[in-house]
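Structure record follows, encoded as structure tokens.
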Amino acid sequence: MNTLTLHIPNISCSHCVHTIQTELGDLPGVSTVAANEQTKVVTVAFEPPATRQSIEALLAEINYPADQLIPL
């Protein structure tokens, strides 16, 4: 299982958190998504076929692009 933690500056409310968790949760290979409104951080646990690139591409597509990878 891979884990990706990203800073998403566009998170501003609980609706943003819900949208991110729903959209990423529907991506094949993603097992968990945790988004935090206060820290603007999203952590995703995934395995193939999901990839870092596919996760970041989906976030950009739904207008929540990541601006920074946060090392674990």
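The values are calculated or read from the model by the stated rules, or taken from the named source; none is laboratory data. Quick caveat, the model's predicted, so the values are computed rather than measured. Cβ placement follows ideal geometry from the backbone for every residue including glycine, while neighbour counts extend to all protein chains displayed.
Listed values, structure above:
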{"quantity": "Selection status of residue 15, free of Cβ contacts under 8 Å to residues at least 12 places away in the same chain and within 20 Å of residue 61 (Cβ to Cβ)", "calculated": "yes"}
{"quantity": "One residue from 35, 57, 45 being modelled with pLDDT of 95 or more and within 17 Å of residue 1 (Cβ to Cβ)", "calculated": "45"}
{"quantity": "Every residue from region 1-30 that is part of a strand (DSSP E or B), of a type in the set (Ser, Thr, Tyr) and surrounded by 13 or more Cβ atoms within 10 Å (Cβ to Cβ)", "calculated": "5"}
{"quantity": "So residue 6, is it among the aliphatic types (A, V, I, L, M), more than 14 Å from residue 66 (Cα to Cα) and touching a residue at least 24 places away in the same chain (Cβ under 8 Å)", "calculated": "no"}
{"quantity": "Members of region 31-49 that are touching a Ser or Thr at 6+ places or on another chain (Cβ under 9 Å), of a type outside the set (Asp, Glu) and in a loop (DSSP other than H, G, I, E, B)", "calculated": "40"}
{"quantity": "Near pairs, Cβ below 7 angstrom, 6+ apart or cross-chain, from region 38-57 (within 13 Å of residue 25 (Cβ to Cβ) and surrounded by 15 or more Cβ atoms within 10 Å (Cβ to Cβ)) to any residue that is of a type in the set (A, V, I, L, M, F, W, C) and at pLDDT below 95", "calculated": "45/1"}
